[in-house]
Amino acid sequence: MTSPVVKRPFERLILSALESLPVAAFYAKTRGWPFVIAWIHRLTGIFMVVYIWFHILTLSSLAIPSEYDAKMKYFGFVFISFLEWLLAVPVIFHALNGGRLILYEIFATRNDESMIRWVFGLAVTYVLLLGLLMIMGNQSVSPIFFWLTSLIFSVSPGYLVASKIWNTASSLAWKLQRISGVFLLIIIPAHLLFMHLQPAIGHESNVVITRMQSKFIKFVDLTLVIAVLYHAGYGLMSILKDYLKFRLLQNGLTILIFLMMAVFGWIGIRLTLTL
């Protein structure tokens with residue numbers, strides 16, 4: 001498949017930056033940009049799995065508030081805040097590109113030139129908005145209102161996808177992967193925005209604990225933990241099946257992934273229920 005024809009200055013800027021990367025440029029010329037984007041999608045997915053594990057372990061420190069506050073002091077440094085902002089790049093790209101793949105796979109909507117343009121355009125817009133909120137650091141919103149709105153906008157497309165694929169011959173695991181993906185497409189970027197409205201929201205143990213003691217927020221957090229870990233685990237197992245042909249090794253790593261997700265799921269669920 002040939003690369004999409006790029007006519008707009010914004011797209012030329014993005015692709016010229018990507019073409020400066022030797023590996024990306026080589027495969028773009030030999031296999032096309034859709035191939036490169038597919039691999040970026042996998043790599044950002046793997047990166048986010050590692051980050052999710054780190055995030056859950058960090059939050060587990062809330063069991064001892066003083067320990068959590070001590071860790072959060074490091075996040076006040078400008079360089080660490082910059083890294084937090086950069087985290088939005090793989091997160092929003094993976095989410096939006098996943099949405100593009102679902103539109104093609106389930107709704108037979110395929111226009112690579114237009115869809116890739118929207119993925120990059122929305123991703124840059126989101127990252128800049130997040131950066132602005134982090135610089136301002138003085139925004140506030142009712143957690144109940146914010147998460148109720150986010151939940152509605154996340155569940156609605158998830159229900160639409162579920163109604164489209166539920167009676168198909170595909171496996172239940174595959175169906176849940178697509179449904180969880182659509183759900184996370186909105187609620188994960190919403191989570192990043194909420195956590196950076198002001199520093200206290202995520203960096204002060206008393207603020208975090210007070211929020212998490214709400215029954216509604218507990219429900220949202222439990223839903224988020226289960227959906228994220230299921231989606232991540234299935235994604236890793238899919239990559240193994242695609243690229244590992246040695247059956248014994250594939251089965252062994254699949255079991256390891258399942259156990260890792262179960263352990264971190266237990267940590268996340270236990271923390272949510274006990275705070």
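Every number in this text was worked out from the coordinates using simple rules, so none of it is lab data. None of the values given here were measured: they were computed from a predicted structure. Reconstructed Cβ throughout: ideal geometry from the backbone, glycine too, with neighbour counts over all protein chains shown.
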For the stretch 217-234, 3J(HN,Hα) per residue [Karplus equation, 6.51 cos²θ - 1.76 cosθ + 1.60, θ = phi - 60°, Hz, x = Gly/Pro]: 5, 4, 4, 4, 5, 5, 4, 5, 4, 5, 5, 5, 5, 5, 4, 5, x, 5
In Hz, Karplus ³J(HN,Hα) per residue of the stretch 172-186 (6.51, -1.76, 1.60; θ = phi - 60°; x = Gly, Pro): 4, 4, 5, 4, 5, 5, 5, 5, 5, x, 5, 4, 6, 3, 9
Whole-Hz couplings from phi, Karplus 6.51/-1.76/1.60, listed for the stretch 87-95; x for Gly and Pro: 4, 5, 5, x, 5, 6, 5, 4, 5
Residues 127, 91 arranged by fewest to most Cβ contacts within 10 Å: 127, 91
The chain, relative contact order in percent, only Cα pairs under 8 angstrom and at least six apart counted: 21
Which labelled figure in (1) 94, 50, 29; (2) 65, 39, 38; (3) 54, 45, 35 is Cα extents along the principal axes in Å, once derived from the coordinates: (3)
